[in-house]
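A.B. asks: This is the structure I have questions about; it appears just below.
Here, each number is a calculation from the coordinates, and none is a lab measurement. Note that this is a predicted model, so its numbers are computed, not measured. Here Cβ is always computed from backbone atoms with ideal geometry, including for glycine, and neighbour counts include all displayed protein chains.
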Amino acid sequence: MKSETVHVDLAGRSYDIAIGPGLLAEAPARVSPFLKRPFAVIVTDENVASAQLPALQKALQAAGINCPAITLPAGEGTKSFTQLAGLCDQLLAAGVERKDIVIALGGGVIGDLTGFAAAILRRGVNFIQIPTSLLAQVDSSVGGKTGINSKHGKNLIGAFHQPVAVLADLDVLKTLPQRQRAAGYAEIAKYGLLGNAAFFKWLDQNVESIMAGDRAATAHAVKTSCEMKARIVAEDETETGVRALLNLGHTFGHALEAATGYSSTLLHGEAVAIGMVQAFGFSESLGHCPQGLNRKVAAHLRRAGLPTHMSEIKATLPPPEKLLQLMYQDKKAESGKLTFILAKDIGESFIAKGVDEAKVLAFLKEDAAKQGLAKP
């Protein structure tokens, strides 16, 4: 299978996403055009360091590229001020200059944190994304959103800083735990649900193949997802309009992540899966879409092994009133009013601003009651 390329058209900040097998071995040829000297620092986490780092370093070193690595703890907790400060100090200690390249080798946490460090280090250095999780390959590595979490919410501190290249090596997914693959699938399904009914229909026919690691099906899913995100990002780089559609399920999902302390109890993709089912359920309750669509969405996501209801979260959740308050830290909120991505149908989502909090609270209470989590 040959690699394919998706172009992200952002004028002077444009770049290519390479998708295919064997890209770690091809890294020297793909990275070298961006190097001012044969030097790049790799940032990774403890899990990826054992699985993928040796192959990348071996390839780069064989090409005469000096590539020291910085290894950070795995997990969402790494997206913190403490780790950001430590990473910046380590990059400076490694001798990173303004015209050097930093390589983010890992999932969404490493990509977000490394990208933010690159954005602020020496007032901006270039970086390359080499995403090693399915979620990062189809979503977080593309579009230039970088950042860390706060006690007030997810990704509330960061910057838009586009990579100069993305290398999505499908072979690295072979070592991905099934739970992580499912979490990535949630973001793939999101693209079909928010704006591509034909893609969702294809996914409905191929979900099991993707979850089983079929290379052709996975490649098509990754490429289609990246193409959709690239088009939206090219139209709205800094999320002042249509890019918000990419947050389908995220207002609900981010609140659940915050409620569970950004821990391994609930992965981001799992929170998004539950959030998308809630977004369709809320859309139904407001009369925006036909009844039963949320059940159809939930049935599809369950085929990928994803949770679809709050009752499946192995943690004690706060009451609906607290979940509602957590939603006010959502980045889409404007003038103290909630913004949601809602749906008219599968493949047809829209931005709903100024949503009545009383209706949100009523929905959360009803949803919790249906799952035996609270009284109606």
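A.B. asks: So for the chain, averaging the separation of alpha carbon pairs under 8 Å that are six or more residues apart and normalising by length, what relative contact order in percent results?
C.D. replies: Working: 730 pairs, mean separation 55.0, N = 376.
Here the relative contact order equals 15 percent.
A.B. asks: Related question: Just checking my list [x] 62, 48, 38; [y] 72, 50, 40; [z] 64, 41, 38 against Cα extents along the principal axes in Å computed from this structure; which label fits?
C.D. replies: After the calculation, the listed value that fits is [z].
A.B. asks: Right, another one. Treat the count of other C-beta atoms within 10 Å as a stand-in for reagent exposure and order R181, R231 from fewest to most. Please report the intermediate quantities before stating the final value.
C.D. replies: Numbers: R181 21, R231 15.
By the 10 Å Cβ count, ascending: R231, R181.
A.B. asks: I've got another one for you. Summing +1 for each Lys or Arg and -1 for each Asp or Glu, what net charge is found among the other residues whose Cβ lies under 13 Å from the Cβ of M310? Walk me through the numbers before you get to the answer.
C.D. replies: Values: positive: K314, K322, K365, K370; negative: E257, E270, E312, E366, D367.
Net of charged neighbours comes to -1.
A.B. asks: Moving to a separate point now. Rounding to the nearest 20 debye, state how big the charge dipole of the chain is about its Cα centre with +1 on each Lys and Arg Cβ and -1 on each Asp and Glu Cβ. Show your work: numbers first, answer last.
C.D. replies: On the way: 39 positive and 36 negative charges, 35 e Å.
Computed about the Cα centre, the dipole is about 160 debye.
A.B. asks: The stretch 329-361 to the stretch 31-94: how many Å between their Cα centroids?
C.D. replies: 38
A.B. asks: Once you list every other residue whose beta carbon is under 9 Å from the beta carbon of H268, what net charge do they have if Lys and Arg are +1 and Asp and Glu are -1?
C.D. replies: Neighbourhood net charge equals -3.
A.B. asks: Relative to the longest principal axis of the C-alpha atoms of the chain, give the angle of the C-alpha long axis of helix 357-370, reported between 0 and 90° and rounded to the nearest 10°.
C.D. replies: 80
A.B. asks: What is the order of V277, V207, V172, fewest Cβ neighbours within 10 Å to most?
C.D. replies: Working: V277 28, V207 21, V172 24.
Going from sparsest to densest Cβ surroundings: V207, V172, V277.
A.B. asks: Shifting gears a bit: Tally Lys and Arg at +1 and Asp and Glu at -1 over the other residues with C-beta under 10 Å from the C-beta of E97: what net charge comes out?
C.D. replies: Working: positive: K36, R37, R98, K99, R122; negative: D100.
Neighbourhood net charge equals +4.
A.B. asks: Next question. I need F116, F280, F363 ordered by Cβ neighbour count within 10 Å, fewest first.
C.D. replies: By the 10 Å Cβ count, ascending, the order reads F363, F116, F280.
A.B. asks: Specify which residue in the list V360, A74, L56 is farthest towards the positive end of the charge dipole of the chain, using unit charges on the beta carbon of Lys, Arg (+1) and Asp, Glu (-1), about the Cα centre.
C.D. replies: The one lying farthest along the dipole's positive direction is A74.
A.B. asks: Quote to one decimal, in nm, the extra length available between D204 and A216 on full extension: 0.36 nm per residue of separation minus the C-alpha distance between them. List each step's numbers first, then the result.
C.D. replies: Values: separation 12, 0.36 × 12 = 4.32 nm, distance 1.56 nm.
Extra length from D204 to A216 when fully extended: 2.8 nm.
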